[in-house]
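Rule-based calculations on the coordinates, nothing more; no lab input. It should be emphasised that the depicted structure is a prediction, and the values quoted were computed from it without experimental measurement. Reconstructed Cβ throughout: ideal geometry from the backbone, glycine too, with neighbour counts over all protein chains shown.
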Amino acid sequence: MNFTKSCTNKIPSRLKNRILYAIILIISIGLLTYQLIVLDYQFELTNVFNDKQKVQNNTSQFPKIQYDFPLNETAEEKSIREQRRESVKNGFLHAWRGYTKYAWGLDELSPVSNNGRNKFNGWGATIVDALDTLWIMDLKDEFNVSREFVSKLNFTNSNDGTNVFETIIRYLGGLLSAFELSDDHIFLEKAKELGGALLYAFNNDTGLPYNNVHLNPDLRVQRPPYGGGLLAEVGTLCLEFTKLSQLTGDNEFFFIANNITKVISNANKTIPGLYPIKIDQATGNFINDAVSFGANGDSFYEYLLKEFILVGDALDKYRRMYIESVESMYKYLIKESPINDRPELLFLGELSINGYFVGKMGHLSCFVPGLLALGSKFLNRPKDLETAKRLAETCYFLNRMTSTGIGGEEVWFKVVEEKNTTNNEIHKRLPDGIYRLSPGYSLLRPETIESLFILYRITGDKKYQDQGWDIWQSLEKWCKTPAGYSGLHDVNSIPPAKNDGMESFFLAETLKYLYLLFSPPDLISLDTYVFNTEAHPLLRMSENHDFFANFD
């Protein structure tokens, strides 16, 4: 006799029925849960895309972000501004011509050795990243040549692994922005192709993206990332994916972005609003207590506010999450300056893996003044603007305190909680109150200039133009090469050694923000556009009159 059948026959019929009912109940609960998730997604999607009257009512009431600039600019003011803008444009053209001569079609130029290098799939990252800068600077011949290159890209033929985060912010963001600025549908077609190829990266239980995947179907091997993912890399795509859904009518991208935000929001954390920088993609749980608004965390917080600016009250959870994060930042991370002769400054620290405060402030954190300034106007939080101004002064100071006038990657402020053991003789040129400097300016970073641009557009204070000009003059003096601009090994050394690297975001961000800083304020207005973390401007909902056409 079959053993299983024998055992089954020994189970009383009443128990059999209970087991059957339990199985049916489990299946029913599972189906109900699935339906609730789907309905929740559909409800949010409806709020964003289909309830036109509600959204139009919301967006019509959005507060004005930009300062009311006077129309009577003097001849002298205009002359100075236009000379500065022309200088930045010439700098862009210098870098662009070096790239086209020595590295065309490769990802980046090595501006000292005059070679090209591939770091981001070999799809010409500099070309795609610079598309909107070319358009904004009215370099239409260069734009059209780049368009022909982009039209031939195949996003599934790479033999290398693809960094999902970098691909989304540089390539996908660049293509979407180029489409909205030029209305050339080849860019939207390519954005949709790239978005479709990237869907494979989210194929796991939580929906949190893997760090690197092969977009070539013949090379795909699903391997969970060692050590988990970084908050900024996992959580920075809602702007691009929401915009892609809006423009194509494919709601899958919106679902993916919305799910990621929910998973991260629901994950356990020690302090409300402060999200640790390491997360396990397999479980959706944070791995330690380290928190940073700089490296590894920055753009997650940036997108909480910017997604709300893009879409409005239909996604109110982003506003709530952003405010909670900022309030905890005030409480745990922002400290008064320990620099004796600059007590008015503030600095933004971090939490270590054990949750202890560290007085380290990275250059990447210098996007925060611009973010706080945006939030102050859009969410009516005047305190945030005052904090933004003080933090921006710190970022400018950290640039000007070095021998080159260019800020290093990181500085350490003296705080009571830390044992400052660094040899002061080594860092004797540092101001009292700062005991350590990571001296590289290795990537030609844009964050300080980004905040100066936003603060100028919000306050109208021309000192931010002057400060941006000071930094640009230092970049011209120390970073320029015969072929482009290079990062530096040591900003406190004269002359500084160059590291032979020119990131694509130097053309996409650093030079674009400088150019806009000296442009008429209606060029890419903050009341019309929101910038992704790679400085690609995307039209806000209220300004895109065909916004809902694909969802009718």
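The fraction of Cα-Cα pairs per 10 angstrom bin, counted from 0 for the stretch 279-405, comes to 12, 41, 33, 12, 2 percent, rounded to whole percents.
Quotient of the Cα radius of gyration of the stretch 93-246 and 2.2 N^0.38 Å, N being its number of residues: 1.06.
With the convex hull drawn around the C-alpha atoms of the stretch 433-492, the volume per residue stands at 110 Å³. Within the stretch 453-492, the trypsin sites (Lys or Arg not before Pro) that combine a DSSP coil assignment with at most 16 other C-beta atoms in a 10 angstrom radius are 462. Look at the alpha carbon pairs under 8 Å that are at least 6 residues apart: their mean separation over the length of the stretch 175-281 gives a relative contact order of 28 percent.
Under 1.5 on a/c is rounded, so check that first for the stretch 348-387, then, if it is not, pick prolate when a/b is larger than b/c and oblate when it is not; a ≥ b ≥ c are the square roots of the alpha carbon gyration tensor eigenvalues. Prolate. From the alpha carbon centroid of the stretch 329-395 to that of the stretch 484-510 is 25 Å. Restricting the GluC sites (Glu not before Pro) of the stretch 328-362 to loop positions (DSSP other than H, G, I, E, B) with no more than 12 neighbouring Cβ atoms within 10 Å leaves 344. For the stretch 59-118, the Cα gyration tensor yields ellipsoid semi-axes of 38, 20, 7 Å (square root of five times each eigenvalue, largest first, whole Å). Rounded to the nearest angstrom and listed largest first, the equivalent-ellipsoid semi-axes of the stretch 109-159 from its Cα gyration tensor are 20, 17, 8. Over all Cα atoms in the stretch 275-352, the spread is summed up by Rg and Dmax: 15.0, 49 Å.
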